[in-house]
Amino acid sequence: LGNVHVYQGKLDSAEKELAEALASLEASEPPESLLVARVRSDYSNVLFWKGRAPESERLERRAWETYVAALGPDNLQTAVHQRNLAVVLDELDRLDEAEAAYRSSQAVIEKLLGADHPNSAASYLNLAVLLERRDKPAEAEELYRRALAIRRAKLGDRHAVTGQSLQLYALFLLHRGRLEESERTYREARELFAAINPRHFEVGKCDNGLALIAGKRGDHAQAERLLAGV
């Protein structure tokens with residue numbers, strides 16, 4: 001239920017459900033249970049989206065270490081949790097650690113699932129964000145586009161993770177000054193997320209991006225309307 005609420009963008013209710021689930025399982029399961037580790041990771045994800053990265057890192061690191069101990073470093077689930085940890089490290093500006101974790105996890109995921117799997121696409125998208133931060137826009141754009149193409153082909157145009165790719169690629173285009181491309185991409189992402197939940201937190205990200213575009217074009221009234229949520 002907590003994860004359904006994350007998908008719907010209802011982070012407060014997601015945090016409540018997952019916190020209760022984690023407390024219950026920690027009281028009834030062994031300390032290094034994989035079930036507990038998975039719920040720690042889910043709860044970490046909510047904290048990440050709520051801007052609480054240090055707490056998120058502690059939970060995700062413990063989850064990943066549990067998977068390493070139980071299943072080994074070359075297991076798919078272990079690799080996914082290593083990638084989750086890399087996302088938080090990226091947010092904490094620990095870029096060397098994050099890139100190493102991204103590349104290590106990506107190698108395992110590609111080996112086990114193939115390069116055109118949606119799970120591999122998630123790795124490409126994460127690495128694209130980091131490479132953009134490291135001022136490598138050509139490499140980053142190739143990965144943004146690859147991730148989006150895989151998600152469209154495998155999951156369709158209305159899936160939330162396709163929307164995530166659109167939103168992040170739109171932000172990349174905005175940073176590059178490609179305003180028309182960025183606006184089209186933001187609008188597609190916004191429509192997708194608004195269909196899931198008009199108050200989805202990703203709708204707010206899209207409106208913020210569209211407001212920045214309006215401001216760059218000198219349309220400050222439109223920018224203010226978007227930022228105010230009118």
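Of the residues making up region 196-218, those that are surrounded by 16 or more Cβ atoms within 10 Å (Cβ to Cβ), farther than 13 Å from GLN167 by Cβ and without any contact (Cβ under 8 Å) to a residue 24 or more places away in the chain are ALA211, ALA214.
Can you confirm whether region 119-133 contains a residue that is out of contact with any Pro (no Cβ under 9 Å at 6 or more places or on another chain), more than 20 Å from LEU173 (Cα to Cα) and either among the basic types (Lys, Arg) or open to solvent by 20 Å² or more (accessible area, probe 1.4 Å) (or both)?
Yes, region 119-133 contains a residue that is out of contact with any Pro (no Cβ under 9 Å at 6 or more places or on another chain), more than 20 Å from LEU173 (Cα to Cα) and either among the basic types (Lys, Arg) or open to solvent by 20 Å² or more (accessible area, probe 1.4 Å) (or both).
The conditions of being more than 19 Å from VAL129 (Cα to Cα), at pLDDT 95 or above and of a type in the set (D, E, K, R) are not met by ARG199.
Pairing residues of region 164-179 that are closer than 15 Å to TYR124 by Cβ with residues that are at pLDDT 95 or above and not in a helix (DSSP H, G or I), at Cβ distances under 9 Å and at least 6 apart in sequence or on separate chains, gives PHE172/ARG178. The set of residues in region 4-54 being outside any helix (DSSP H, G or I), at pLDDT below 95 and open to solvent by less than 30 Å² (accessible area, probe 1.4 Å) consists of GLY9 alone.
Which residue out of ALA107, ALA115 is surrounded by fewer than 20 Cβ atoms within 10 Å (Cβ to Cβ), of a type outside the set (Phe, Trp, Tyr) and not in a helix (DSSP H, G or I)? Of the residues listed, the single one that is surrounded by fewer than 20 Cβ atoms within 10 Å (Cβ to Cβ), of a type outside the set (Phe, Trp, Tyr) and not in a helix (DSSP H, G or I) is ALA115. Entry remark, region 72-102: residues being open to solvent by 70 Å² or more (accessible area, probe 1.4 Å) and more than 14 Å from the chain's Cα centre (by Cα) number 7 in total.
I'd like to check something: does region 179-201 contain any residue that is farther than 23 Å from LYS10 by Cα and part of a loop (DSSP other than H, G, I, E, B)?
no
The values are calculated or read from the model by the stated rules, or taken from the named source; none is laboratory data. Worth saying up front: this structure is predicted, and the values here are computed from it rather than measured. All Cβ positions, glycine included, derive from the backbone under ideal geometry; neighbour counts span all protein chains shown. Heavy atoms of the whole protein, side chains included, go into the accessibility calculation; ligands, DNA and RNA do not. Shrake-Rupley method; radii C 1.70, N 1.55, O 1.52, S 1.80 Å.
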